[in-house]
Amino acid sequence: MNVGASSPEQYGGYYAWGETSEKSVYNHLTYSYYNGKDTNGDGLIDKNFSIVNIGSDIAGTSYDVAHVRMGGSWRMPSYAQQLELMNNCTRTFTQQNGVYGILVTGNNGGQLFLPAAGSRWNSALIDAGSNGHYWSSSLYPSGGGYYAYGLYFGSGDWDWRSYGRGSGLSVRAVCP
């Protein structure tokens, strides 16, 4: 199930990349690892912007929300693990206990349900019930430290994306 959930179909919490607790507003100003000022009030840093380097892969570290909140060997999946899921499994957009999401089926017949929990930006919940956005532990290498990889899905597709690290996304933990 998602970090912060108590059943597979619950959305769970929303977390900025590298942060281990939820908050009411997700944007550049509230993100712990961006520094700077917003001079026009749009929630985006536009003056003296800098990024705090917390590593290129945060799995198993104090920045990994799955590891911090669930303990033991639980951790965020890497980009490679999310890519392996997309390349080696089938998915069906469906409902489970009245919640929309994708049912992922592996070659071995194993299944997992990922709820379409949407994402959070500022104080808004966006796309809940129609899209899923899930963090990986991997920084996006071409984004100057600004973006991290994530898994995206909707009713007609799934793919990886690079997300701004201050966005509030779901996390599905793995336990190797």
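Annotations for the structure displayed:
- Every condition in (1) within 14 Å of the chain's Cα centre (by Cα); (2) open to solvent by less than 20 Å² (accessible area, probe 1.4 Å) holds for D57 except the one numbered (2).
- Scan of the range 3-43 for residues that are open to solvent by 30 Å² or more (accessible area, probe 1.4 Å), at pLDDT 95 or above, of a type in the set (G, A, S) and farther than 12 Å from G166 by Cβ, ordered by number: G4, S6, S21, S24
- Residue that is nearest to the chain's Cα centre (by Cα) [pool: residues in the range 141-176 that are within 17 Å of E19 (Cα to Cα) and assigned to a loop (DSSP other than H, G, I, E, B)]: V171
- Close pairs (7 angstrom Cβ cut-off, 6 or more residues apart or separate chains): without any contact (Cβ under 8 Å) to a residue 40 or more places away in the chain in the range 129-156, open to solvent by less than 20 Å² (accessible area, probe 1.4 Å) and part of a loop (DSSP other than H, G, I, E, B) anywhere: G129/A116; S130/A116; S130/G154; N131/A116; N131/G154; G132/A116; G132/A117; Y147/R165
- Residues of the range 1-60 satisfying the condition of being assigned to a strand (DSSP E or B) and more than 23 Å from G145 (Cβ to Cβ): N2
- Hits in the range 114-129 - residues which are within 13 Å of the chain's Cα centre (by Cα) and open to solvent by 40 Å² or more (accessible area, probe 1.4 Å): R120, W121
- Extreme residue, surrounded by the most Cβ atoms within 10 Å (Cβ to Cβ), among residues of the range 130-164 that are charged (D, E, K, R) and within 23 Å of A59 (Cβ to Cβ): R161
- With respect to being over 16 Å from the mean Cα position of the chain (by Cα) and either within 25 Å of N53 (Cβ to Cβ) or without any contact (Cβ under 8 Å) to a residue 40 or more places away in the chain (or both), G110 fits the description.
- The one condition in (1) assigned to a loop (DSSP other than H, G, I, E, B); (2) under 16 Å from the mean Cα position of the chain (by Cα) that A80 fails to fulfil: (1)
- Matching residues in the range 145-172 - criterion: being within 15 Å of A66 (Cβ to Cβ) and of a type in the set (D, E, K, R): R172
The values are calculated or read from the model by the stated rules, or taken from the named source; none is laboratory data. Just so we're clear, the structure is a prediction, and the values are computed from it rather than from any experiment. We place every Cβ from the backbone using ideal geometry, glycine too, and count neighbours over all the protein chains shown. The accessibility values were calculated without ligands, DNA or RNA, using every heavy atom of the protein model including side chains. Shrake-Rupley method; radii C 1.70, N 1.55, O 1.52, S 1.80 Å.
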